[in-house]
1. At 222 nm, what helix-only mean residue ellipticity would the chain give, in deg cm²/dmol to the nearest 500, using -39500 (n - 2.57) for each DSSP H run of four or more?
2. Within 10 Å of each candidate Cβ there may be at most 14 other Cβ atoms; applying that plus a DSSP loop requirement, which chymotrypsin sites (Phe, Trp or Tyr not before Pro) in the stretch 1-69 survive?
3. Which residues in the stretch 99-142 place their backbone N less than 20 Å from a point set 7 Å from the Cα of SER21 along the Cα-to-Cβ direction?
4. Relative to the longest principal axis of the chain, what angle (0 to 90°, nearest 10) does the C-alpha long axis of helix 108-121 take?
5. How many percent of the alpha carbon pairs in the stretch 56-100 exceed a separation of 11 Å?
6. Provide the percentage of antiparallel DSSP beta bridges, counting only those with both residues in the chain; round to the nearest 5.
7. Roughly how many nanometres apart are two label points built 7 Å out from the Cα toward the Cβ at ASP42 and ILE132?
8. I'd like the carbon and sulfur percentage of the solvent accessible area for the stretch 1-61, probe radius 1.4 Å, heavy atoms only, ligands and nucleic acids excluded.
Amino acid sequence: MKTIYKAATKTTGGRSGLVKSEDGPIDMKLSVPKAMGGDGGDGANPEQFFGAAYSACFGGAVKAVADKHKIDIGDYEVTAHISLGKTDEGNLQLAAVLDTYLPKLKDVETGEKLINEAHEMCPFSRATRDNIDVTLNLMLDE
């Protein structure tokens with residue numbers, strides 16, 4: 001792989017610590033959600049960061065695919081719903097649902113082709129393929 005960008009982010013204190021990116025834009029407190037036995041404080045958690053990163057990356061892939069096919073998708077949105085659960089063996093496991101809203105698109109078949117092609121292109125989708133369940137939902141105006 002030829003590296004085109006590299007980022008470094010450091011966390012101290014695990015899920016209830018602090019996270020900071022090397023170049024500064026991320027500098028946040030972390031907290032454990034109440035559902036996981038934490039205090040549910042005002043800090044972010046890894047699942048939120050993963051959802052933010054995945055939805056941004058997937059949205060970029062959707063836009064790139066739409067542009068490649070010369071399709072105007074308007075002010076599109078991708079919402080990532082990240083779940084943390086346990087496998088039958090008791091291991092922690094992630095799952096993702098990506099709701100992709102394409103406001104200018106009316107054709108379901110075209111929309112499905114766009115998000116499926118984006119799923120093949122997106123580095124986060126490729127990294128998670130066959131590792132976690134990922135569900136793609138196409139959201140269109142009626």
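The values are calculated or read from the model by the stated rules, or taken from the named source; none is laboratory data. What you are looking at is a predicted structure, and each value in this text was computed from that prediction instead of being measured. All Cβ positions, even for glycine, are placed from backbone atoms using ideal geometry, and neighbour counts span all protein chains on display. Ligands, DNA and RNA are stripped out before the accessible areas are found, and what is left, the full protein with its side chains, is counted by its heavy atoms. Shrake-Rupley method; radii C 1.70, N 1.55, O 1.52, S 1.80 Å.
1. Calculated at 222 nm, the ellipticity per residue is -10000 deg cm²/dmol.
2. Answer by residue number: TYR5.
3. Residues 122-125, 127 qualify, since their backbone N sits under 20 Å from the label point.
4. Roughly 50 degrees between the two axes.
5. That tail contains 71 percent of the Cα-Cα pairs.
6. Just about 70 percent of them are antiparallel.
7. My value for the distance between the label points is 2.7 nm.
8. Values: 2390 of 4160 Å².
Solvent-exposed carbon and sulfur of the stretch 1-61 make up 57 percent of the total.
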